[in-house]
Structures are given as C-alpha cells and as structure tokens.
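The structure under discussion appears below in the form of structure tokens.
The values are calculated or read from the model by the stated rules, or taken from the named source; none is laboratory data. Just so it is clear, the model here is predicted, and its values are computed rather than measured. Ideal geometry is used to build each Cβ from the backbone, glycine not excepted, and the neighbour counts take in all protein chains shown. What goes into the accessible areas is simple: the full protein's heavy atoms, side chains included, and nothing from ligands, DNA or RNA. Shrake-Rupley method; radii C 1.70, N 1.55, O 1.52, S 1.80 Å.
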Amino acid sequence: MRESDPESVITYALIIGLIKQKKITAMKYGNAWLVNLDELYFYFRGNKK
C-alpha cells in the first residue's frame, strides 16, 4: 500500500483495529497475516460490509 501511496495516513495499527472489529478480513499464511487490498480500498471508499 505504501508503494502505491507513500503519503498514506493508513497505519498498521488502523488495519489491525479494522480486523479486530471485523470490518475487514485477514487470513493467516505461515507467520504472516494477509489482507485483501481490494477489500481495504473498498472499505475506505465508504462501502462498508
């Protein structure tokens, strides 16, 4: 996400909060958590689940 918009104000903590509130989904893959960027952008455009 930072590659496409280096001045983004969206932080790691904000994304974690959205996952905990079940506003966006995340999948565990090995030791990493994956978030679908399309879903994240969809959320921030105002199209909430």
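Assorted remarks:
Residues checked against (1) open to solvent by 100 Å² or more (accessible area, probe 1.4 Å); (2) more than 9 Å from the chain's Cα centre (by Cα):
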position: Pro6; (1), (2): no, yes
position: Tyr12; (1), (2): yes, no
position: Lys20; (1), (2): yes, yes
position: Ile24; (1), (2): no, no
position: Gly30; (1), (2): no, yes
position: Asn36; (1), (2): no, no
position: Glu39; (1), (2): no, no
position: Tyr43; (1), (2): no, no
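- Counting only residues that are out of contact with any Phe, Trp or Tyr (no Cβ under 6 Å at 6 or more places or on another chain) and assigned to a loop (DSSP other than H, G, I, E, B), the stretch 24-49 holds 9 of them.
- Scanning the stretch 1-22 for residues that are of a type in the set (Val, Ile, Thr), assigned to a loop (DSSP other than H, G, I, E, B) and touching a residue at least 12 places away in the same chain (Cβ under 8 Å) turns up just one, Ile10.
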